[in-house]
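First the structure, in the form of C-alpha cells, and then the observations on it.
The values are calculated or read from the model by the stated rules, or taken from the named source; none is laboratory data. Computed from a predicted model, the values in this text were never measured in an experiment. Here the Cβ positions follow ideal geometry from the backbone for every residue, glycine too, while neighbour counts run over all protein chains shown. Accessible surface is based on the protein model in full, side chains and every heavy atom, while ligands, DNA and RNA are left aside. Shrake-Rupley method; radii C 1.70, N 1.55, O 1.52, S 1.80 Å.
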Amino acid sequence: MFSSEKNFEQWKVCGFGDLQAELFDCIESTHSLMKERACQGLAAPGLLIVANSQTAGRGRHERTWTSPANKNLYFNLLLPLEGIPAVRFAQITQIAALTFAEVFKAMGAAVTVKWPNDILFEKSKFCGILAEIVFMPGAKPALNLGVGINVNSDPSEYESLGRAVTTLKAITGKSINRETLLRALVAALERAMGQFKAFGISPWVEAWRKMDKFIGARGTVVVNNHCTDANHNSGEGAIKKSGCILDMQPDGSLLFKTDDGETMTVYSADLEI
C-alpha cells in the first residue's frame with residue numbers, strides 16, 4: 001500500500017466482475033460522466049471510471065470537491081441493484097462507508113464513521129461519497145456511486161473551503177500507492193455488496209456502532225439540506241434540529257433526541273457534530 005506508484009495512465013484497475021476501468025487524466029467530473037453514460041445505455045453495471053484530476057468535482061449538495069492531479073482518488077462505480085429492494089438502496093452508501101473505513105484502518109489510519117456515510121479522522125473529513133440512482137434504457141436501475149478521497153495531498157490545500165479537511169498521507173505519515181488502494185477498495189466493496197444482497201445491513205450495524213465515536217454525543221440533524229459552499233455556515237435552505245445522537249438502528253436509520261424532547265427516526269439527512 002505504501003510502495004511507489006506507476007504513472008496514472010499505466011494503472012491496471014477493474015470494476016466489478018473484472019470489468020476494465022476507464023481512465024481519464026482530466027475531466028470535469030467522474031460522477032457526471034458516469035450518469036451521462038448510464039442514461040445513454042453506454043455503461044454496463046460494474047463499470048469503474050477513474051480520473052487523475054477533475055475540473056468540476058462535487059460532493060453532496062453541490063459542494064466543491066477540490067481535485068488536484070497526481071495526488072488523490074476520484075472515481076465512480078456503477079453498482080448493480082438487481083436483487084436489492086428499493087427500500088434498502090439508501091443503505092448502500094452506509095455499507096460503502098464502513099467497508100472503506102475498514103480498508104483505511106488496515107492501513108493504520110485510526111478513522112471513524114459518522115452517520116450516514118462520512119469517514120473522518122477525529123472531526124476532519126477526507127473521504128466523500130455521493131450516490132444517485134440512474135435509469136438505463138432497457139435495463140434495471142443502477143446506483144451511480146461517486147467517491148473522492150484525499151490521499152497524498154496536504155491539508156493546507158483545502159483551507160479555503162472553510163471546513164475541517166485532512167488527507168490519508170497526513171493521517172498515516174506516509175505516501176500511499178493510489179492504484180493499490182483503489183484496487184483494495186473496489187475488491188472490498190464488491191465482496192460487501194454480495195453480502196449485503198444476501199443478508200441486508202444487519203451484519204454491519206454492530207461494526208458501525210463500534211467504529212462510530214459520536215453515539216451519545218451532541219449533534220445537529222440537517223433536514224432538506226440545500227447547503228452549498230456559499231451558505232453551509234448559515235444553513236440557508238435547511239431545517240436544523242440540535243440534540244443528542246442516540247443510536248444507529250438495525251435498518252441503518254438514526255435515532256436522535258432533539259433539545260425539545262422529541263425522539264426522531266431519521267432516514268435521510270446530514271448530521272453535523
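Annotations for the structure displayed:
- Enumeration of residues in region 171-199 that are surrounded by fewer than 18 Cβ atoms within 10 Å (Cβ to Cβ) and of a type in the set (Gly, Ala, Ser): GLY173, SER175, ALA184, ALA187, ALA188, GLY194, ALA198
- For region 211-242, the candidate set comprises residues that are in a strand (DSSP E or B) and modelled with pLDDT of 90 or more; within that set, the residue that is most open to solvent (accessible area, probe 1.4 Å) is ARG218.
- Annotation: of all residues in region 200-210 being open to solvent by 10 Å² or more (accessible area, probe 1.4 Å) and in contact with a Leu (Cβ under 7 Å, 6 or more places away or on another chain), the one that is farthest from VAL111 (Cα to Cα) is TRP204.
- One residue from PHE2, PHE100 being at pLDDT below 95, closer than 25 Å to LYS174 by Cα and either over 14 Å from the mean Cα position of the chain (by Cα) or in a helix (DSSP H, G or I) (or both): PHE2
- Residues that are more than 20 Å from LYS71 (Cβ to Cβ) and crowded, with 16+ Cβ neighbours inside 10 Å within region 111-138 comprise THR112, VAL113, LYS114, TRP115, PRO116, ASN117, ASP118, ALA131, VAL134, MET136, listed in sequence order.
- Selection from region 117-160 of residues that are over 17 Å from LEU73 (Cα atoms) and touching a strand residue (DSSP E or B) at 6+ places or on another chain (Cβ under 7 Å): ASN117, SER124, GLU132, ILE133, VAL134, MET136, PRO141, ALA142, LEU143
- The residues of region 5-25 that are open to solvent by 70 Å² or more (accessible area, probe 1.4 Å) and either under 23 Å from LEU168 (Cα atoms) or part of a helix (DSSP H, G or I) (or both), listed by number, are LYS6, ASN7, GLU9, GLN10, LYS12, ASP18, ASP25.
- Scanning region 26-53 for residues that are surrounded by fewer than 17 Cβ atoms within 10 Å (Cβ to Cβ) and charged (D, E, K, R), we see that the one that is nearest to ARG191 (Cα to Cα) is GLU36.
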